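Inspection log for the structure reproduced underneath, given as structure tokens.
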Amino acid sequence: MADIQISKPEMLKILQELMKEKTVIAPVSNGKKVDYLEAKESGEILMNDELPYKSPKEYFFPRCEKIITFKGDEVSEEKSDRQTVLFGVKPCDLDALAIMRKVFTTGKFADPFFEAHYENTLLIGTSCADKKQGCFCDKRETDMLFSENADLFLVDAGDSYNVAFVSEKGANALKSYIPGIEKSVAPEKASTENAGTLTIKAEENEVFEKFEWEDATATCQGCGMCTYICPTCHCFMFKDVMENDEASRFRLWDSCMFPKFTLHASGHNPREEKHERYRQRVMHKYLYVKENFDAVACTGCGRCIRSCPAGMNIKTIVERIMEVFS
């Protein structure tokens, strides 16, 4: 384990100090559920094992974000300089952010807006003690006790945390608060006996054509809840708004589960049926992102399972696919 410990009250004091200069996002109760929200006082921050209802992806990939302004012949790109501390991020969400970063910051379509939000954020992760309802992180490559995709990682030890890992960015930001932080060490990696066992190894065309998608998605309502709640889904659209002599371009979340997502101007829709849209979602996560970015866009957080009003379960569907093509 780590060679440095910090009590939870001490950690709250550090976060209170950080609030003087930065925006602190942390697990906070909104009265109905726990979510990643801006904390105004350190006393609002929860240091328990509850997984927030939503992932923190919206702080890097906002639901609605102005990106460009057009005025006359001038074009100006929006700049993000908000300094943020994201505290209490569970390993599944940290690993999801790493996947999102691969998608948004590599290749010819690299996105400067996501990268700016990421670079301006200090990530403080915390371990997860128990699987939550619907979680299947043990079937994906998610270590409940540690993630290297953080600037500081804290392993819950009851009334205190073991400082388990720190990046240079984290050390520079927190060394004045936690002496010796740059010497902290990562814990031993958890057993990988079952890690990554939930995966699709069949050929794309076979899965596309031969699996009974219509039967598997019979109860799906096509509401798109799974895509909005997922920490790695990232479909979006653009909307231009004109006000006086200035036009602004916004990027807004969209969903591949919506009927009009692939509707062409001609009226043709290549994914008109519900099962075709759900097929796209599963194959995108488990095959297309893997092919393009060497990562499966699912960390087993279970949010889509817990939130689905129709009881859809991506884990059991992928398992059915694995059985068919084993």
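The values are calculated or read from the model by the stated rules, or taken from the named source; none is laboratory data. Small disclaimer: the values here were computed from a predicted structure and weren't measured. No Cβ is skipped: glycine too gets one built from the backbone with ideal geometry, and neighbour counts run over all protein chains shown.
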query: Within the stretch 124-145, restricting attention to residues that are touching a strand residue (DSSP E or B) at 6+ places or on another chain (Cβ under 8 Å) and surrounded by fewer than 24 Cβ atoms within 10 Å (Cβ to Cβ), which residue is nearest to THR84 (Cα to Cα)?
result: SER127
query: Got a number for residues in the stretch 275-313 being in contact with a helix residue (DSSP H, G or I) (Cβ under 6 Å, 6 or more places away or on another chain) and in a helix (DSSP H, G or I)?
result: 7
task: Scan the stretch 209-218 and give yes if some residue there is assigned to a helix (DSSP H, G or I), in the same structural domain as GLU276 (by TED's automatic domain parsing) and buried (at least 16 other Cβ atoms within 10 Å of the Cβ), otherwise no.
output: yes
query: Which ones in the stretch 251-274 are surrounded by fewer than 17 Cβ atoms within 10 Å (Cβ to Cβ) and either in a strand (DSSP E or B) or hydroxyl-bearing (Ser, Thr, Tyr) (or both)?
result: LEU252, THR262, SER266
statement: Scanning the stretch 162-183 for residues that are touching a Ser or Thr at 6+ places or on another chain (Cβ under 9 Å) and either surrounded by fewer than 17 Cβ atoms within 10 Å (Cβ to Cβ) or outside any strand (DSSP E or B) (or both) gives ALA171, ILE178
